[in-house]
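Read the structure below first, then the notes.
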Amino acid sequence: MLNTADLPDTIAIFPLPGALLLPRTRLPLHVFEPRYLAMLEDVMKTPHRLIGMIQPHTEDDSTLHGIGCAGRLTQFSETEDGRYMITLAGVSRFQMLEEIDGFTPYRRAKVEWSAYEEDLQTEAQEDPALDRPHFLGLLRRYFSEQELQTDWDELADAGDEMLIDALSMLCPFHPEDKQALLEAFDLPERRRILIALIEFSLRGGDDEERIRQ
């Protein structure tokens, strides 16, 4: 198993609002901007192949949140017009210490991993307090209201971590709410935030009442 000492002190970062990556999950991305194509070319030359996904505070990406999640580039394919379809496998969350000025067209940062040692565990986490019937019933109401489709049999059979984290990534929450899910201390806390966000939406909550951690 990896430990935090195996991870690099500096990584490429990819600010993308609303794109949530969590440890032991997979995030597909469509990359086409020249600066990020350059980032992929450089990352593929490194032994770790890590990219740090992070939420910007503003639409112009001028300021970033302090916590992100790094994913290992595990799959990529190139289209005929030079774009990439890639998949990141979530490795660990990180604290961003500072951005690094340099000559690359993409952004890089010094990061710290020590607060997230447990992210590197290979076994999926469990949530003993998860009330599946209640949770899935709430989810059905939310999916109906949002006009979302899913395989309910697959959701019912999913492990606790896969169920909670997949929904955290896929549900159309505000970027600030995605950040709260990312920063949750453990799986039960993420589940509590996820339920709060779903209930908030079902009550007709608006952007003036964002749920923040």
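The values are calculated or read from the model by the stated rules, or taken from the named source; none is laboratory data. Just so it is clear, the model here is predicted, and its values are computed rather than measured. Cβ sites come from the backbone with ideal geometry, for glycine too, and all protein chains shown count toward neighbours.
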Residues of region 104-119 being more than 21 Å from Leu16 (Cα to Cα) and of a type outside the set (Asp, Glu), in sequence order, are Ser114, Ala115, Tyr116
Taking region 79-105 and keeping only residues that are loosely packed, with under 13 Cβ neighbours inside 10 Å and assigned to a strand (DSSP E or B), one is left with Glu98, Glu99
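Please determine, by comparing only the residues of region 126-170 that are of a type in the set (S, T, N, Q) and touching a residue at least 40 places away in the same chain (Cβ under 8 Å), which one is surrounded by the most Cβ atoms within 10 Å (Cβ to Cβ). Spell out the reasoning first.
The first filter runs over region 126-170 and keeps only residues of a type in the set (S, T, N, Q), leaving 144, 146, 149-150, 168.
Narrowing further to those that are touching a residue at least 40 places away in the same chain (Cβ under 8 Å): 146, 168.
Working: Gln146: 13, Ser168: 23.
The residue in question is Ser168.
For residues in region 120-164 being among the aliphatic types (A, V, I, L, M) and within 20 Å of Pro23 (Cα to Cα), which is farthest from the chain's Cα centre (by Cα)?
Leu130
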Counting only residues in region 51-74 that are over 15 Å from Val31 (Cα atoms), hydrophobic (A, V, I, L, M, F, W, C) and touching a helix residue (DSSP H, G or I) at 6+ places or on another chain (Cβ under 7 Å), the one surrounded by the fewest Cβ atoms within 10 Å (Cβ to Cβ) is identified as Ile67
Flagged in region 43-58 as without any contact (Cβ under 8 Å) to a residue 40 or more places away in the chain and in a loop (DSSP other than H, G, I, E, B), in numbering order, are Met44, Lys45, Thr46, Pro47, Arg49, His57, Thr58
Heads up, the helices (runs of 4 or more DSSP H) in region 118-213 (entirely inside) with at least 3 residues that are farther than 23 Å from Arg24 by Cβ and of a type outside the set (A, V, I, L, M, F, W, C) are 132-146
Per the list (1) surrounded by 13 or more Cβ atoms within 10 Å (Cβ to Cβ); (2) outside any strand (DSSP E or B), residue check on Leu29 breaks on (2)
request  = Could you tell me whether any residue of region 80-91 is small (Gly, Ala, Ser), at pLDDT 95 or above and in contact with a strand residue (DSSP E or B) (Cβ under 7 Å, 6 or more places away or on another chain)?
outcome  = yes
